[in-house]
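The values are calculated or read from the model by the stated rules, or taken from the named source; none is laboratory data. All values derive from a computational prediction rather than experimental measurement. Every residue, glycine among them, receives a Cβ derived from its backbone with ideal geometry; neighbour counts consider all protein chains shown.
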Amino acid sequence: MELLDKLKILADAAKYDVSCSSSGSNKKNKKDGLGNSCYSGICHSWADDGRCISLLKILFTNHCIYDCTYCINRVSNAVPRATFTPDELVDITINFYKRNYIEGLFLSSAVLKNPNYTMELMLEAVRKLREQENFNGYIHLKAIPGADNYLIERAGKYVDRMSVNIEFPSERSLKLLAPQKERETIIRPMSFISSKIIEGIEDKRKYKKAFDFVPAGQTTQLIVGATPDNDANILRLSEALYKRFSLKRVYYSAYVPVSSHPNLPSISAPPLVREHRLYQADWLLRFYGFNAHELLNETHQNFDIDLDPKCDWALRNIHLFPVEVNYADYELLLRIPGVGVKSARRIIASRRFGSLDYADLNKLGVVLKRARYFITCKGRYYGGINMDVHSIKEQLLINAKNSRSLDSGEQVSLFSLYPDLLSTGDKLSSITGEL
Amino acid sequence: MLYYFYDGSFDGLLTAIYQAYYRGETPSRIVAAGDFQESLLAEKVYIRTETEQSQRVYVSIQTKISRQALRNVFYVYLSELPDAGTWIYEYLRLGWKIGKEFDRMLSDGRVLRVHKISQRVNGERHRILGLIRFRCLEGNIYYAPISPQYNIVGLVIPHFLDRFPGQNWIIHDVNRKIGVFYNGETWSLGDMDLENEIELSNGEKLYQSLWKEYFKSIAIKDRVNPKLQKRNLPVRYWRFLIEKGQ
């Protein structure tokens, strides 16, 4: 088979993996080596779906022994199959890298023969890149659930980031859609990697020459909308993963219908807004000091599709507002809808030189469209309406709707296959994952 | 109204700022001679570049204000906006008056303006790190044409020196006709203009077609979103992208 065809099949099969970030690692190049990595990560292109391309995201093979209902690579699905050799993969990676197409490699795989066999092939490709080609760019490797720990441990010394995809938020959903897999085989490698990372950091303290074990940490991915799990379950799971395994990221992937099966929901388009709300909430967990139970609980199990999670939370806790921006501390500033990490820091920095006017807030990057209903500035309230939950909510919804209709005015395009549901700012952050 | 004109170089700009202090004048604008706009009312002073004077201003920014301020000033200069000189001058005057803390005064227009532009220049520098596309030419030289909005070609050198130390590479700002040359040992930044067609090496077309195929296959058809794509990857950058242009 031609290399071009292999690339086509195996890139196509890898595209449902969301993660493409190349961040978290700050390796300098070695002598006579090729490549380095940049802590913030670098995007190299953006595909037609608007998602960034940073790594060569590809499967080693799409031959699979499993028959998971939701997956395009399931054994019973009639799709063209291909497998790389480690050398082919090394050649493509190096040549793409030298032309600055990519930041490195994201290698995943379906399971060929058995997990150990697959993991060994992947390990061989990664080893060749590092040892034979002296390649120091970014490598993200999927750990194959069910592979032996010693293989994962060896791989961890070569790569920057590892991930195991949980895919389903509950044991029940897993049973339903991936009956051959067990939750235990997914969680075990995650906890193994996390303990090895901690060990590696301690070793590094003692011996200068100790290996960096997975320096950019581990991540995982959850599919949204393929199972009846509600947002509260998903968010609680994410919170637990961040706390227990100190994951760098949990990615959410709106389920794209790839097959019809009685166990799968029949939907016409991926639930993108829901995915977006989960990302927003995820950010609130990691950077804004929120807890999962503050955002969602038994009485409030799913996010409002029309309001972002922070506005939603603020309206349910309206007794905490309005907040005086000239006095509130950092933690409280972060809780105001329309104030982000950057603008909160700017407020703190610049108000040391004198109190801020309402007009200054705009300059500092505060989104007044939302924030104005929740703040006072020098004691004055600028909302322009009564400060009660219903009037504010009504106003926020009108604002959101207006920005949407402006958007769709421009978007009279033949290429647009799904309805434009989010405002532009929302869509941008949902994909780039930028702060 | 008093206008200062300098030769367009960074040294020239700093000399102009030195002269303003030395002469005890406060020019209302400091403009590069190329960006000359006729004004009947203005009194015009042409400043001759003196590296000794510019050096003193350079050191003074670094020691009396901060390295951060120096970086901001340089980045704003690289934006090549017609008012950049004036904005830098006003920013520095405030800086010398208040000291390094002045960078926190974001509600002051003079500070905010410089920060915003400096951020934009830095943003393009970062973006170009990803968008540079090398083509392997005959003789194993990796050549990348770019046409950035700001003059950032010099700012990307350290990144590629560390990344491709064993490779011959050229990064060519096609519009400004300048380029960075690296031969595996030393680098230089200078004027550059290509008269002849470049000749690609043998394997080059193969990897270009592989990359184009990859680019097509990685997009999820159910999520196609050209507007988002253009937002992240403005069309002005497409010209030299293998996967988009040509």
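Structural remarks
- From B:154, B:184, B:166, residue being out of contact with any Phe, Trp or Tyr (no Cβ under 8 Å at 6 or more places or on another chain), on the phi > 0 side of the Ramachandran plot and either surrounded by fewer than 17 Cβ atoms within 10 Å (Cβ to Cβ) or of a type outside the set (A, V, I, L, M, F, W, C) (or both): B:184
- Test: residue in the range A:132-139 that is surrounded by fewer than 20 Cβ atoms within 10 Å (Cβ to Cβ), of a type outside the set (Gly, Ala, Ser) and either more than 13 Å from chain B (Cβ to nearest Cβ) or within 26 Å of the chain's Cα centre (by Cα) (or both): yes
- Within the range A:32-83, the residues that satisfy the criterion of being at the interface with chain B (Cβ under 7 Å from one of its Cβ atoms), charged (D, E, K, R) and in a loop (DSSP other than H, G, I, E, B) are A:32, A:48, A:49.
- For the range B:53-61, the count of residues that are charged (D, E, K, R) and out of contact with any Ser or Thr (no Cβ under 9 Å at 6 or more places or on another chain) is at least one.
- Residues of the range A:237-287 classified as outside any helix (DSSP H, G or I), among the aliphatic types (A, V, I, L, M) and within 14 Å of residue B:223 (Cβ to Cβ), total: 5
- Residue B:81, sole failed condition from (1) within 20 Å of residue A:363 (Cβ to Cβ); (2) in a helix (DSSP H, G or I): (2)
- Of all residues in the range A:175-210, those satisfying the criterion of being assigned to a loop (DSSP other than H, G, I, E, B) and more than 25 Å from residue A:115 (Cα to Cα) are A:207, A:208, A:209, A:210.
- Those strands (runs of 3 or more DSSP E) of the range B:1-77 in which 1 or more residues are of a type in the set (Val, Ile, Thr) and surrounded by 15 or more Cβ atoms within 10 Å (Cβ to Cβ) occupy B:29-32, B:43-46.
- Among all positions in the range B:186-203, there is no residue which is charged (D, E, K, R), part of a helix (DSSP H, G or I) and more than 9 Å from every other protein chain (Cβ to nearest Cβ).
- Top-ranked residue in the range A:95-113 [being within 30 Å of residue B:163 (Cα to Cα) and more than 26 Å from the chain's Cα centre (by Cα); ranked as farthest from the other protein chains (Cβ to nearest Cβ)]: A:98
- Annotation note: of B:194, B:200, B:189, B:228, the sole residue that is buried (at least 20 other Cβ atoms within 10 Å of the Cβ) and modelled with pLDDT under 95 is B:228.
- For residue A:316, the test of being basic (Lys, Arg) and crowded, with 17+ Cβ neighbours inside 10 Å is failed.
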